[in-house]
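The values are calculated or read from the model by the stated rules, or taken from the named source; none is laboratory data. Computed from a prediction, not measured in an experiment: that's the story for all the values here. Reconstructed Cβ throughout: ideal geometry from the backbone, glycine too, with neighbour counts over all protein chains shown. Heavy atoms of the whole protein, side chains included, go into the accessibility calculation; ligands, DNA and RNA do not. Shrake-Rupley method; radii C 1.70, N 1.55, O 1.52, S 1.80 Å.
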Amino acid sequence: GEALAVSARVAPLGSRLVLLLVDDLTESRRIEAVRRDFVANVSHELKTPVGALSLLSEAVMDACDDPEAVQRFAGRMQAEATRLTSLVQEIIDLSRVQNDDPLEDSEPVAVDDLVTEALERCRQQAATKQITIATGATPGLYIWGSRSQLAAALGNLVENAVNYSPARTRVGIAGRAVSAAGGDLVEISVTDQGIGISEKDRDRIFERFYRVDPARSRATGGTGLGLSIVKHVAASHGGEVTVWSAEGQGSTFTLRLPRASAERGGRDGRGGRG
Ligand code: ADP
């Protein structure tokens, strides 16, 4: 409708311009639709724990002469509140990585520091499940990027590896330098022996709020936002994230990001900055 009207108005200017304008319109419509979906999804996701909290608080009031029931409901309220907190935190993280230009606070970030931070983030959960995390990054590797964004990305991958693995399995984090046509890269991979991801889900897991098994994901405090944060961070740094997986055997997520040399304080292969 509208696109056609526009193209009819500008048709005399030449078909290439028409195509550009129509493309532009389609793209802005797409962005608008994605934004609308996101707001709808956020509202839905927030309403679930808030609704549960409201029902549980009524249950507590009705059960005030039964201390055991009160205890039980209070425990579930706490779980819902925790879920709500992590959801809000991830929504904030996602909007932050989408709005902040990583180039504005880019610096050489040590891969070792990122790995340490990621381990810190899931230490408790790994210990509870007796999951061993083995790290083996080439020493002295640096990535050119935003420290907080890179930490959020790797942290999410390691957290998922632990969450979607059975007890007493192993998770591996490896880091190495690789050369590519566009410049030197750092490749960080996170490997688990977990449940794996079917081929049909593999493309979709990077979508916002997409979860293969919402019930399982909810039980581990999952929001469905983690991998969309990872994907956004990789892309905005000029890198990528890929996944290999075999159902029932495990998964490997690989981040490829621009390498920096700490001494020059700049990006390798691009002559640095400043
Ligand atoms: P969530 O908060 O649910 O973990 P993510 O965006 O991080 O959300 O991941 C999306 C979905 O991808 C998860 O719900 C899970 O089903 C699947 N997934 C992510 N990482 C793994 C993994 N290492 N092994 C198996 N499944 C995974």
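Ordered from highest to lowest accessible area with the whole protein assembly present and a 1.4 Å probe, M61, M77 read as M61, M77.
The calculated FRET efficiency for the pair C64 and A167, based on their C-beta separation and a Förster distance of 30 Å, comes to about 0.20.
With a simple spin-label model that places each label point 7 Å from the Cα along the Cα-to-Cβ direction, the separation between Q130 and D213 comes to 2.1 nm.
In this label model, L46 and T26 are separated by 3.4 nm, measuring between points 7 Å along each Cα→Cβ vector. Taking only the C-alpha atoms of the stretch 133-200, Rg followed by Dmax gives 13.8, 41 Å.
What's the FRET efficiency of A181 with Q98 using the Cβ-Cβ distance as r and R₀ = 22 Å, to the nearest 0.05? Working shown, then result.
Values: r = 28 Å, r/R0 = 1.26.
For R0 = 22 Å, the calculated efficiency reads 0.20.
Considering helices alone, the calculated mean residue ellipticity of the chain at 222 nm is -18000 deg cm²/dmol, with DSSP H runs of length four and up weighted by -39500 (n - 2.57) and normalised per residue.
Charges were assigned to the Cβ only: +1 to each Lys and Arg, -1 to each Asp and Glu. The resulting dipole of the stretch 92-173 about its Cα centre is roughly 680 debye. Label-point separation (nm) for Q89 and D105, each offset 7 Å from Cα along Cα-to-Cβ? So the two model labels end up 1.8 nm from each other.
Would you work out the relative contact order for the chain, in percent, from Cα pairs under 8 angstrom that are 6 or more residues apart? List each step's numbers first, then the result.
Numbers: 423 pairs, mean separation 46.3, N = 274.
Relative contact order for the chain comes out at 17 percent.
Heavy-atom accessible area, probed at 1.4 angstrom with all protein chains present, ranks D112, D93, D62, D192 as D62, D112, D93, D192, highest first. The rule of thumb for compact globular proteins, 2.2 N^0.38 Å, goes into the C-alpha radius of gyration of the stretch 67-184 1.34 times. Computed about its Cα centre, the charge dipole of the chain is approximately 540 debye, with only Lys, Arg, Asp and Glu carrying charge at their Cβ. Scanning residues 5 or more positions from A260 or on other chains, those with amide H under 5 Å from its amide H are Y142, I143, W144, D268, with H placed 1.01 Å from N in the peptide plane. Only protein heavy atoms count here; under a 1.4 Å probe, D213 has an accessible surface of about 70 Å².
Which order do K200, K129 take when ranked by solvent-accessible area (1.4 Å probe, heavy atoms of all protein chains), largest first?
Values: K200 155, K129 40 Å².
Listed by decreasing accessible area, they come as K200, K129.
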